[in-house]
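A short write-up of the structure that comes next.
The values are calculated or read from the model by the stated rules, or taken from the named source; none is laboratory data. Computed from a predicted structure; not experimentally measured. Because the Cβ atoms are built from the backbone with ideal geometry, glycine has one as well, and the counts that use them run over all protein chains shown.
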Amino acid sequence: MDRNFTRIAVLLWITVCCSGQLLAQDIHYTQFYDSPLNLNPALTGHIEGKYRVNAINRTQWNIYNTLSASFDINFGKPTQSNSWGLGAVIANDRTSGGLSTLEVLLGAAYHFNVDGREINYISGGVQVGLMQKRIDRGGLSFENQFDPTSGEFSSGTNVETGLTFTDLISPDLRVGITWSTYIDNFNFKLGAAYLHLLGGNEGFITESDLPARLVAHAEAKAMLGESIFLRPHVLYMTQAQASQLNFGTHLGYSFVENMAVYIGGGMRSDDAIIAILGIEFVGVRASISRDFTNTLVSDVGVGFGSTEIALSYTGAAANRTKPLLPAIRFFD
């Protein structure tokens, strides 16, 4: 009886995941600040250096696996405070149920020094690209593969005809804006982005429009002495009837000028408690985070959670000078 009930429950879960009325999980990260081109197009070329490479992998509930990589570069000149940034990002999200989402985006941003003193900047950016959603029928189980009397499962070829589409491709357009301020021993960044302006079909049974996603984010870095720093961050996202709030902070210690370690914590509201550990060394940043769900903060239950591993490298011209400002101090 328990065995048959489990199979029925799995079948129901797969049926819901394939429903044309349900929105698939949009790609997102706990360490959103380590995947800037997925977060906001205005962050393209917004670098404390000349160019940047980012990679991040997220495993969630042993169901979802999301991997993305990006590259962006700034074209600042030594005689100019304003600059352009160009970049590209690719992301692939897969589920154990056979659903996958592939995103490929190219972006550009302009960074304008508002005050002429390299303190306050406003940046605007745009990304264009393609999104592909695909269902692998071989990774799914359907009703006709279960014996209605015994509940026994047959791995034979299914004859399900309800799926109208198995491969959907749509254009994607995203825009964003940020404000940054850099003063002695303190800087902060505020941003907002509007994703999926063109909509697109994401229904595999009947056509269903992909809703736009609104993102607002903020982060800061404050030196609490010569070696200790605090780096708080917050993210809010809303899409259709769903919303999410992430907040937390890093506490770091710099051993020498080009090396630091940090630990962090935070929370995703009504969902998870977050722990983070990272290291920075000569332009390289590596970190790992874990989302812990429990009955105190989540309706999902104990035993579910997510793990992320992030890696980035920021390169700069050999004769760069300090202070390093976003997308500005890069000399050829």
Candidates Thr59, Thr79, filtered to the one that is free of Cβ contacts under 8 Å to residues at least 12 places away in the same chain and either in a strand (DSSP E or B) or more than 16 Å from Ser123 (Cα to Cα) (or both): Thr79
Of all residues being of a type in the set (Ser, Thr, Tyr) and under 23 Å from Thr95 (Cβ atoms) in region 25-70, which is modelled with the lowest pLDDT? Just the residue, please. Tyr64
Scanning for something more than 22 Å from Val234 (Cα to Cα), at pLDDT below 65 and either in contact with a His (Cβ under 8 Å, 6 or more places away or on another chain) or not in a loop (DSSP other than H, G, I, E, B) (or both), does region 152-172 turn up at least one residue? yes
Pick out the one residue from Leu197, Leu235, Leu214 that is closer than 26 Å to Gln132 by Cβ, touching a residue at least 40 places away in the same chain (Cβ under 8 Å) and not β-branched (Val, Ile, Thr). Leu235
Test set (1) closer than 30 Å to Ile228 by Cβ; (2) out of contact with any His (no Cβ under 8 Å at 6 or more places or on another chain); (3) at pLDDT 95 or above - Ile183 fails condition number: (3)
Within region 212-243, residues being closer than 18 Å to Ile27 by Cβ and surrounded by 17 or more Cβ atoms within 10 Å (Cβ to Cβ) number 6
